[in-house]
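The values are calculated or read from the model by the stated rules, or taken from the named source; none is laboratory data. Only a predicted model underlies this, so the values are computations on that prediction, with no experimental measurement involved. Note: ideal-geometry Cβ built from the backbone for every residue, glycine included; neighbour counts use all protein chains shown. Keep in mind that these areas ignore ligands, DNA and RNA; they rest on the heavy atoms of the full protein, side chains included. Shrake-Rupley method; radii C 1.70, N 1.55, O 1.52, S 1.80 Å.
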Amino acid sequence: MIIRVIGNIAIYPCGDYLMNGKENPDASKERRGAKETVKDFFYGMAMQGMARYALKTRMYLEQLFMLITLGDMLGIPILPPYYSLKLLPYAVPNIKTWKRGLFKERDFTDALF
Amino acid sequence: MSDFKFKDFVERHPNIKFFFTGGKGGVGKTVSAAAIAQYFASQGRKALLASLNPIHSLSTLYGQDMWGKGIQKIEGIDNLWGVEVDIKEKISTYRDQLSERITSFLKWADIPVDPSAFIDIAVTNPAFEESAQFDTMTDIMLEHGDSYDVIVFDCAAVANAIRLLGLSKIYDLWLSRMIESRKEALSLRVQLSFRRDRVMEEVKRDPMLADLLRQHEKNRKAKEILSDAERTAFVFVTIPLALPIAVVQRFISMVRAFDIPVGGVFVNRVIPQEAAESDSTDYMKNSYLQQSRYLDMIQEKLGDLVSAYVPLYPTEVAGVDGIAKFCDDMLNFNPE
Amino acid sequence: MQQFSPAIFIGVGLAIYIVGYLLYARYVDRNVWSPNPNVKTPAHMYMDGIEFFPTSKSVLFGFQFKSIAALGPISGPFIALVFGWLPAFLWIIFGTFFIGWIHDYTSVMITVRSEGESFGPITYRMVGSRARKGLMGFIIFYLILVMSVFAYICGAFFRAFTQSIVPTIFVIVGGVLSGVMLYKLRMNIVVSTIVGLGLMVVGIWAGIWLYLQGLLDWVSSTPVELWIVVALILVYFGATLAITDCAQPVNYVAFWPCFVAVILIIAGALLSPLTMALYPADPVLVQTEPIITFYDDNYGPLWPILFVAIACGAVSGWHSLVGSSATGKQIGSEIDVLPVAGGSMFLEGLLAMSAMSAYVVIAPASVNPAWFVNFPTGAAILTQGMFGGAAVAGVILVAFFAMVLELYAITVLQLMPRFFRLAAADLAGTSAVAPLFRNKWIGAGIGILIAFAFAATGAWYHLWMLFGGSNQLLAGLALMLASVYLVRAKKPSYYTLIPAVFMILTCEAALLWETWIFVRALLTVGYFARPGSLIGDMAAAGNILPAVALTWIFIALSLILFVLGLLVFADTWAALKRSSKEAKGSVEVTVSA
Amino acid sequence: MSSFYEDNPDLKIAVFAGKGGLGKTTCSAALAMWLSKKKQRVLCFSTDPQASLSDIFEKDVFGKGSVTLDKNLYVMEIDADKRIAAFQEEVRQKIRDMYGIDELPKEIDEYINAAGAEPAMHESATYDAMAGLLASDEYNFHVFDMPPFGHGIRIVSMARILDVWVEKMEETRKKAQEYGESAWKMQQRTSGAGQDEMLAELLEIRKKLSFFQDILTDNKRTAFYMVITPEKMSILDTERALKMFEQMDITLTGVIINQVYPKELLQRKDLGDFLRKRIEMQQKYMNEIKDKLGKHVCAVIPMFDREPKGLEMIQQVADIMMNWDGKITEE
């Protein structure tokens, strides 16, 4: 399921694809048992970094994909044909984050981990 | 009989510099274009004949290899130059620009796919071919306009020729939107930057926006020229048959909608009376009869616009001499 | 000297850390930074599911700890022991207490409060363009130093503990394999982990067997450079293959033995009074004097040397890179910053303490002058009691800990060439050399070659000191940034400013001392003759000219670090003054929320 | 040619490509008419923006969808502009429905508008219409009259480009999803739940495209014709086109020579000088065609003494075209 948000809810988006509509594990508001906490701690040590990389790689691919399909939205004349319009409806919620991701000035300290 | 009669028309509009020929495929556009150019050359004016056809029509016509070689002197006649553009080069420039830009976008990205494949695909997009043609045409107009007295363009088949010119308008809409998007994108970039001053500088020098603006400006100039009846004339070529006439008619209405001035209609392949009379097979007789019907139709529908009649020749028109003959008939031939 | 159990170190350390966390850290957190649980953090504001992603604090705590716990806290303490265990002990305790945690904490907190920006952009905004560039240059040298010193340690370890060669390679292969299973074959994480770890067990067994058979004896007579090359080749692949294919899964598989090792050492130290009773023949007692000297002929004076020698266990600039690049962007609530960043630094302190415990239990007679080589021996002594005494367990444990140390080094090393490449490309900007660094094969290759050149000098001790100096200096500069931030926000800044100034002064002094050591070597030819270093060997062999050239390179390196550090310090100091002036006037305060 | 259709019952498409003005549309119409007598539901489809089918059949069919001309004979001449406008609206509506909003965000709306003016849109729309027709399986046979530009086969190469394009997109998407799923697996969240609607759409498009491309490049199902006249330019042009065909793995089914004056005329005493010269020239080029393209020629259509228009005339063309005696020139 894709959370369909549009308009000013700028930043959700890519996230929705990525998470498949699952709720954020926003644990700061959630009470968790000791067992869960230990499990989380181990997950954090062992896998969080790897999972993050996997997702980050995914983000780059998403961005590339959007760039190729909707590049002229940014004034890059890739001249995508007819079919990018077909894909447009699905991309709508992602557009803002995508733009932010592409245009955010980053320096290498942003790209390290 | 008509105000458009080629010689009169040219004399009345001495400043026309750009001629375009258009019409249904196979009616003799290339030859007509060559004849126009050769006419001016014989008047001592410097003429350039430019082919935007993807096929080597000029090379074939003059028996001289000009494909992709830039502007060439056409041998056997003074004051005449020809150019047969290979838009592949233009497209490869597009490709380079595009790939540079995509790469710079992905500066920090560690991605497991090779983006160059996308770039290749993006530039094989057919739209590139069309914009490249239009680009080339405007380039020739703007760059060489001053060095020649007359430039005659031989465009591709009808519909594409018209679209090519129509493009100046469509393209404009599209370009404007593109420029706007680019500006939006750049301001977003500034907003999201930490080195704001620096990024602002970079943004000001943004090559892509500069390209787009340049393109837009070029486009504007081209449009201005194209819709200026004192500088541009569009000559349609037809033959006395239903389809080509219908096409020219449609074409003229479209061109007028784009504010492009019409510079007359050439009626090509008119069977000369003596040829019909000397022949008693049904072919010539029927054709001649049919032709007179169509000539009437042309009179009725295009009437005043007709600027020349050119006879049907027993053999194909080719070479400087053949075209000179065509040119001569274009000025003097009268089917009546 | 009354010999006592190293359990005391861990016990006392733990007690002080708990007090530190509950009283001091919490006080600073509440009264200076006043986290507000209702403020939306960047992780929420810019959530993209990847970089910005609100994550639970227990996960983040694990993530942060894993990312900061590397070779530093393990290798560092030994060098400090030339002064005796007491200064090292006190520095680990109080460094963490007053400097380490607040450094980690503030680097995360500032990121959280600056819309999720990292170190570079924050420096640019708060201090200026030159400071950011200076910092960037500084970090590049820092990365080169990390690479060269870790590469040297790797190579030296392969040679010193031949039984660790096979297991290390097996773990790397196992990591790549489990990566393939995970990504390509879409297999279960548990299965992939079991395969990876299974390979490790086989590797350890094979390594020990080969070692016991004497089949690896030839290794000890090969030059160390050969093994540095082996290590760097492994690293080069890790750095150039897709991160998800190699570096990350290797990191993942290596995590398990590394984590087990930490647990074992801490447990071993705590349980040592008990286990020693079981095996009285193998004593687990502190063998080092509390205070030996304040000035060591080879190493130099206690201040500043001790403070840079123990790099990551007390305070480390590395952590601010982790904190601002990764952790700060995932914090779900401001109140999580203290447990995540502060908490993991206290745990890191404990890790350093346990490493120190491992060094101090070795009998002085068997201490190897190449200090870091002692870790597996010490760790084996600490833990052998739990596995049946030295006779049996010692062999396996030494192999295991040697492998763990290799893995610590290699997993960090695998990240370095990429960091180096990114930093160099950023600094190169649009200049002609930039494309070289953009290309990962070339960029990483350049970094690795430079690192090899330095590692091959064999001047590992100096490299370590320069690494420690630049690492702590980076921490000092990060603390300066925090101070600027606090002044701007009209908050008390002593908690960060005093540690910042202390660290910067100490590190600059250490860098100057290192410069002096090499200048002294030039002045007194005999000083080259220190054993084990390339410079010494060259000089001894009569190749004075290359030895002099190399010495000059080291002088230049230390001076560059010194100057860059000074430059950034001066800029941040000026920014601090500026901000405090502005804060006094009623200028708008830039607190982003 | 007629036996070719009897021997290949699987044929579904005939494509007429080549330069304009040589009688492509006439030949398409003729073939369609002939087939409509043998098969069920034959569609003659013009992608030529010159809209000449209307002229040939003397009936305005432009932009009117499928028009029934005769039993089993349907004609369609699409109005690309109209189609594009409809498509734009469709996309807008889809967005409105998907997100339950009444008005599209400005930037999205503008983007859709601008895309309509995008230079390749016409061609893509035409192409999509063709692929759609084939996929719908509504007609048993399709005769496509290609536009003259780039020999009309650019549209075929576009099939390939689009196919590769979609394939690449799909690859990226899939890879992205793989990474996502691996991550979810690590996070112990439901894996595989990811139903990527975008990917689904892409796959749909790709299915349609590869279906089309498969048919087009399968000489059991698609016949490719080029129409040529005995003139130098036309021959050169056809040779060039043949090379392009080869590059695209397309097997040319046949070359139809059009507008040939019967050679017998030369025997006639009353033949005028003019026509004699013309016929002699044609014969010269007929020989050249025989040498260069001989093995491809599948029909010779004579010059008619009037313009071939209207059902009756087309029927006549069809009869000649389909029942060629196999001789290019008299021996």
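Summary of computed values
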{"item": "Degrees between helix D:232-247 axis and first principal axis of chain D (Cα, 0 to 90, nearest 10)", "result": "40"}
{"item": "Residue-wise HN-Hα coupling along the stretch D:66-79, computed from phi with Karplus coefficients 6.51, -1.76, 1.60 (Hz; x: Gly, Pro)", "result": "7, 10, 7, 9, 7, 4, 6, 10, 10, 10, 9, 10, 8, 9"}
{"item": "Summed buried accessible area for A+C [probe radius 1.4 Å, Å², rounded to 100]", "result": "4300"}
{"item": "Inter-site label distance for D:Lys59 and B:Gln273 at 7 Å from Cα along Cβ, in nm", "result": "4.1"}
{"item": "Residues B:Arg198 and C:Leu197, FRET efficiency given R0 of 51 Å [Cβ-Cβ distance, rounded to 0.05]", "result": "0.55"}
{"item": "Sum of -39500 (n - 2.57) over DSSP H runs of 4+, divided by residues of chain D (222 nm, nearest 500)", "result": "-17500 deg cm²/dmol"}
{"item": "Per-residue mean of C-beta atoms belonging to partner chains within 10 Å, peptide B:172-182", "result": "6"}
{"item": "Calculated diffusion of the protein assembly as shown, Stokes-Einstein form, Kirkwood radius summed over Cα pairs, 25 °C and 0.890 mPa s, µm²/s", "result": "67"}
{"item": "Which of C:Ala425, C:Ile208, C:Leu177, positive extreme of dipole for the stretch C:7-584 (C-beta unit charges)", "result": "C:Ala425"}
{"item": "Modelled FRET efficiency - R0 56 Å, D:Ala86 with B:Lys7, Cβ distances, 0.05 increments", "result": "0.70"}
{"item": "Per residue value of the accessible surface for the stretch D:1-68 (all protein chains in place, 1.4 Å probe), Å²", "result": "33"}
{"item": "Distance in nm between pseudo-label sites at D:Gln247 and C:Asn36 (7 Å out along the Cβ direction from Cα)", "result": "6.5"}
{"item": "Prolate/oblate/rounded label for the stretch C:358-494 (Cα gyration tensor, a/c 1.5)", "result": "oblate"}
{"item": "Interface residues, the stretch B:308-323 - accessible area loss of 20 Å² or more versus chain alone, probe 1.4 Å", "result": "B:Leu312, B:Pro314, B:Thr315, B:Glu316"}
{"item": "Shielding of D:63-76 by partner chains, average beta-carbon count, 10 Å", "result": "0"}
{"item": "Estimated [θ] at 222 nm from DSSP helical runs (n ≥ 4, -39500 (n - 2.57)) normalised by residues in chain C, nearest 500", "result": "-23000 deg cm²/dmol"}
{"item": "Chains B and D together, accessible area buried on both sides, 1.4 angstrom probe, square angstrom", "result": "5200"}
{"item": "Hz values of 3J(HN,Hα) by residue in the stretch B:254-259 - Karplus curve (6.51, -1.76, 1.60), Gly and Pro given as x", "result": "5, 4, 5, 4, 8, 6"}
{"item": "Rounded, prolate or oblate (a/c below 1.5 giving rounded, otherwise prolate when a/b exceeds b/c) for the stretch C:252-365 by Cα gyration tensor", "result": "oblate"}
{"item": "Ellipticity estimate at 222 nm from DSSP helix runs (n ≥ 4, -39,500 (n - 2.57)) divided over chain B, nearest 500", "result": "-18500 deg cm²/dmol"}
{"item": "Amide H partners (placed H, <5 Å) of B:Ile151, local residues excluded", "result": "B:Phe18, B:Phe19, B:Leu48"}
{"item": "Around B:Pro240: net Lys/Arg minus Asp/Glu count, Cβ-Cβ under 11 Å", "result": "0"}
{"item": "Sulfur and carbon atoms: percent of accessible area, the stretch D:1-128 [1.4 Å]", "result": "46"}
{"item": "Those residues of the stretch C:89-130 for which accessible area with every protein chain present is at least 30 Å² below the isolated value (1.4 Å probe)", "result": "C:Glu117, C:Pro121, C:Tyr124, C:Arg125"}
{"item": "Out-of-range pairs (alpha-carbon distance over 30 Å; input D:Lys59/D:Lys292; B:Lys24/D:Lys292; B:Lys218/D:Lys207; B:Lys69/D:Lys208)", "result": "D:Lys59/D:Lys292; B:Lys218/D:Lys207; B:Lys69/D:Lys208"}
{"item": "Spacing of the two label points (7 Å from each Cα toward its C-beta) at D:Asn219 and C:Leu449, in nm", "result": "5.5"}
{"item": "Amide hydrogen neighbours beyond the local backbone of D:Gly63, cut-off 5 Å, H modeled", "result": "D:Glu77, D:Ile78, D:Asp79"}
{"item": "Rounded to 5, percent antiparallel among DSSP beta bridges of the protein assembly as shown", "result": "10"}
{"item": "Gained length - C:Leu278 relative to C:Arg125, 0.36 nm times residue gap less alpha-carbon distance", "result": "49.0 nm"}
{"item": "Estimated buried accessible area (total), pair D and A, 1.4 Å, Å² to nearest 100", "result": "4700"}
{"item": "Long-range amide H partners of D:Val300 with built H, under 5 Å", "result": "D:Ile257"}
{"item": "Computed magnitude of the charge dipole of chain D (debye, nearest 20; Cβ of K, R +1, Cβ of D, E -1)", "result": "860"}
{"item": "Average accessible surface area per residue within the stretch C:7-584, 1.4 Å rolling probe, Å²", "result": "32"}
{"item": "Cβ-placed point charges (K, R +1; D, E -1), dipole of the stretch C:19-73 about Cα centre in debye, nearest 20", "result": "200"}
{"item": "Cβ-derived FRET efficiency at R0 45 Å, A:Ala34 paired with C:Asp297, nearest 0.05", "result": "0.30"}
{"item": "Neighbourhood charge, 15 Å Cβ-Cβ cut-off, centred on D:Lys64 and excluding it, Lys, Arg +1 and Asp, Glu -1", "result": "-3"}
{"item": "Carbon/sulfur fraction of accessible area - chain B, other protein chains in place, 1.4 Å, %", "result": "49"}
{"item": "Zone of C:Ala15's modelled label, taken as backbone nitrogen in the stretch C:247-281 under 18 Å from a point 7 Å along Cα→Cβ", "result": "C:269-274"}
{"item": "Average other protein chain Cβ within 10 Å of Cβ, residues C:253-260", "result": "2"}
{"item": "Kyte-Doolittle at least 0.5, axis length at least 30 Å by Cα - qualifying DSSP helices, chain C", "result": "C:129-160, C:189-212, C:247-278, C:389-428, C:460-488, C:494-523, C:544-584"}
{"item": "Percent carbon-and-sulfur accessible area, the stretch C:7-584, ignoring ligands, DNA and RNA, probe 1.4 Å", "result": "73"}
{"item": "Most positive-pole-ward Cα, B:Leu305, B:Ala318, B:Ala275, against dipole of the stretch B:263-330 from beta carbon charges", "result": "B:Leu305"}
{"item": "Cβ-placed point charges (K, R +1; D, E -1), dipole of the protein assembly as shown about Cα centre in debye, nearest 20", "result": "3400"}
{"item": "Whole-angstrom Cα spans of the stretch C:7-584 along principal axes, big to small", "result": "71, 58, 50"}
